[in-house]
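The structure appears below as structure tokens.
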Amino acid sequence: MEKRQEENSINYFEEIKKFRKEKNAIILAHYYVDGEIQDIADFTGDSLALSQKAAETDADIIVFVGVHFMAETAKILSPSKKVLLPDLEAGCSLADSCPTKEFDEFIKLHPNHTVVSYINTTAEVKALTDIVCTSSNAVEIIRTIPEGEKIIFGPDRNLGNYISRLTGRKMVIWDGACHVHNEFSLEGILKLKEENPNAKLISHPECPKPILLVSDFIGSTKALVDFSVKDPSNKFIVATEPGVLHEMKKLSKNKEFIPAPGESGECACSECEYMKKNSIEKLYLCLKNETPEILMEKELMDNARSSINKMLDISKKLGL
Ligand code: 13P
Ligand code: SF4
């Protein structure tokens, strides 16, 4: 009880800044975490930009305020650094939808295929993968694979089908999905569009096809942010995790952003509960105590690294 009172009187923001400096730590945050965390982070971005930052930083400690597979990727790319995740329970339903053993069997059922996996996978699945991708570079990565080469894509079926439609490439697609993006309500979105005829619907490619078909723009989290800045419209219905509205509102103070409703019909019900496991208090405790730390077997990191590095190399060449 006394400890709780003591923690309540702490200025977390000041303490975080102090520890960050003392410990030469960098705080990386995904757009889906709470706005106050995005504001104190050294860098806020989408999965691709965060993995690029994690690979190039010279900090001694990386605090990854996101979900487990992101912190794991940072550790694989910077194995000599201490990588911390404020809450080890911050998982991902999409990564969970692709268990290693089943994915391995799926690959064996389809021999002689190039395996492309979304970054939202465990390190074990990355170790079975030829090239990792994110929603920012998936289309370009598929286009680098020579025509005629057979492709397995996992684990997100919505993203896989979207890329397949865009590139015209037939792929064997794993049947996984993110519970946040997969559960937006088409009916609720159409109602919102009717009530806001001047608003543009902008959607993440992890959303199902019926939602993508009625969207004005489809893109990764970063692409949605950039579009909301550049597009002359003043109103946007945003079909992705609502944490990103913080950055959109910051960059376009006079524009209106409406979170797309989930199946339950209420706004902001499409929050990713895993991303929201992060809090300022947990970030403070994590930096102070240097725990929870991401620890992985060297062999697993070595086996998973080449598929991530291939993605980073291709992205660099393409200026992504
Ligand atoms: P991006 O960060 O690549 O847009 O991915 C979205 C997502 O769901 C992250 O977990
Ligand atoms: Fe995973 Fe979906 Fe949450 Fe992203 S939004 S971390 S894909 S569950």
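For the chain, the solvent-accessible area works out to 45 Å² per residue, with a probe of 1.4 Å and every protein chain left in place. For the chain, the average shadow cast by the Cα convex hull is 17.5 nm², which is a quarter of the hull's surface.
Seen from LEU84, the other residues with C-beta closer than 13 Å to its C-beta sum to a net charge of +2, counting Lys and Arg as +1 and Asp and Glu as -1. Between the range 155-200 and the range 275-307, the C-alpha centres lie 30 angstrom from each other.
For ALA95, what charge total do you get from the other residues with a beta carbon under 12 Å from its beta carbon, if Lys and Arg give +1 and Asp and Glu give -1? Intermediate results must be reported in sequence, preceding the final value.
Values: positive: LYS126; negative: GLU72, ASP96, GLU124, ASP156.
For residues surrounding ALA95, the net value is -3.
Label separation (PHE217 vs GLU102): 3.6 nm, computed from points 7 Å beyond Cα along the C-beta direction.
Among LEU85, LEU213, LEU50, the largest mean-square fluctuation in a Gaussian network model of the chain, built with springs joining Cα atoms closer than 10 Å, belongs to LEU213. Any aspartates and glutamates with Cα under 12 Å of the LYS277 Cα? List them, leaving off those in the same chain fewer than 8 positions away. Qualifying aspartates and glutamates at Cα under 12 Å: ASP34, ASP87, GLU89.
Taking every DSSP helix (H) stretch of at least 4 residues in the chain, weighting each as -39,500 (n - 2.57) and dividing the sum by the residue count yields a mean residue ellipticity at 222 nm of -12500 deg cm²/dmol.
Beta bridges per DSSP, both residues in the range 28-112: antiparallel share near 0 percent. Charge tally around ILE258: other residues with Cβ under 12 Å, Lys/Arg +1 each, Asp/Glu -1 each, net +4.
Share of carbon and sulfur in the accessible area of the chain stands at 49%, probe radius 1.4 Å. Placing pseudo-labels 7 Å out from each Cα toward the beta carbon at GLU263 and LYS317 gives an inter-label distance of 4.1 nm. In summary, the range 1-160 shows an alpha-carbon radius of gyration equal to 1.22 times the 2.2 N^0.38 Å reference for compact globular proteins. For the chain, a Gaussian network of Cα nodes joined below 10 Å ranks GLU36, GLU241, GLU22 by mean-square fluctuation, and the top entry is GLU22.
Comparing GLU14, GLU290, GLU72 in a Gaussian network model of the chain (Cα springs below 10 Å), the most mobile by mean-square fluctuation is GLU14.
The values are calculated or read from the model by the stated rules, or taken from the named source; none is laboratory data. Keep in mind it's a predicted model, so treat the numbers as computed, not measured. Don't worry about glycine lacking a Cβ; one is built from the backbone with ideal geometry, like all the others, and counts go over all protein chains shown. In case anyone asks, the SASA skips ligands and DNA or RNA and just uses the protein heavy atoms, side chains included. Shrake-Rupley method; radii C 1.70, N 1.55, O 1.52, S 1.80 Å.
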